[in-house]
1. Could you check the stretch 17-34 and list, in sequence order, the residues that are buried (at least 18 other Cβ atoms within 10 Å of the Cβ) and either more than 14 Å from the chain's Cα centre (by Cα) or part of a loop (DSSP other than H, G, I, E, B) (or both)?
2. Of the numbered conditions (1) more than 18 Å from residue 73 (Cβ to Cβ); (2) in contact (Cβ under 8 Å) with a residue 60 or more places away in the chain, residue 132 fails exactly one; give the number of that condition.
3. Here is a list: 105, 152. Which entry is within 22 Å of residue 20 (Cβ to Cβ) and in contact with a helix residue (DSSP H, G or I) (Cβ under 8 Å, 6 or more places away or on another chain)?
4. Would a scan of the stretch 78-91 turn up a residue that is modelled with pLDDT of 90 or more, in contact with a helix residue (DSSP H, G or I) (Cβ under 7 Å, 6 or more places away or on another chain) and either surrounded by fewer than 13 Cβ atoms within 10 Å (Cβ to Cβ) or assigned to a helix (DSSP H, G or I) (or both)?
5. Quick test for you: out of 44, 103, pick the one residue that is surrounded by fewer than 18 Cβ atoms within 10 Å (Cβ to Cβ), within 19 Å of residue 158 (Cβ to Cβ), over 17 Å from the mean Cα position of the chain (by Cα) and modelled with pLDDT of 85 or more.
6. So for the stretch 140-157 (the condition being surrounded by fewer than 18 Cβ atoms within 10 Å (Cβ to Cβ) and in a strand (DSSP E or B)), does at least one residue qualify?
7. Looking only at the stretch 104-125, which residues are out of contact with any strand residue (DSSP E or B) (no Cβ under 6 Å at 6 or more places or on another chain), in a helix (DSSP H, G or I) and without any contact (Cβ under 8 Å) to a residue 40 or more places away in the chain?
């Protein structure tokens, strides 16, 4: 299974990849320049994780990878510290999903950094990101913290089960 991890800068994409691949979290992450790819195997399912840079100059790349599954990370703690981030994030996601090359590709939205004060709830993130309006594809939403492996394990379990049910 191939998963493209996208989201604005500082959403936690690289941290998530590292936690999935190594089970270790680090506070000291440098921004991804371009993209990174890591291969992991979970429960006999090989997963290729594409970590795509979130800075504006790299967002054009988001649509170019031909993947079967899209994972969008949003830093749910930004809702209070940077309220404009949510509208930019929603706009970027919906613009991306309007591309015909991504028609029908399943979408998983992860509200990251739920351990931070002021983080959005799952219901608020779903509403603010306009996820209920996405009726042309499978959409799911999880709230996670890369610092808490339990939340990451739930996401990976869903991905693995989803992969097995599609085969």
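The values are calculated or read from the model by the stated rules, or taken from the named source; none is laboratory data. Just so we're clear, the structure is a prediction, and the values are computed from it rather than from any experiment. Here Cβ is always computed from backbone atoms with ideal geometry, including for glycine, and neighbour counts include all displayed protein chains.
1. 32
2. Of (1) more than 18 Å from residue 73 (Cβ to Cβ); (2) in contact (Cβ under 8 Å) with a residue 60 or more places away in the chain, only one is false for residue 132: (2).
3. 152
4. Yes, because at least one residue in the stretch 78-91 is modelled with pLDDT of 90 or more, in contact with a helix residue (DSSP H, G or I) (Cβ under 7 Å, 6 or more places away or on another chain) and either surrounded by fewer than 13 Cβ atoms within 10 Å (Cβ to Cβ) or assigned to a helix (DSSP H, G or I) (or both).
5. The match here is 44.
6. Yes, the stretch 140-157 contains at least one residue that is surrounded by fewer than 18 Cβ atoms within 10 Å (Cβ to Cβ) and in a strand (DSSP E or B).
7. 123
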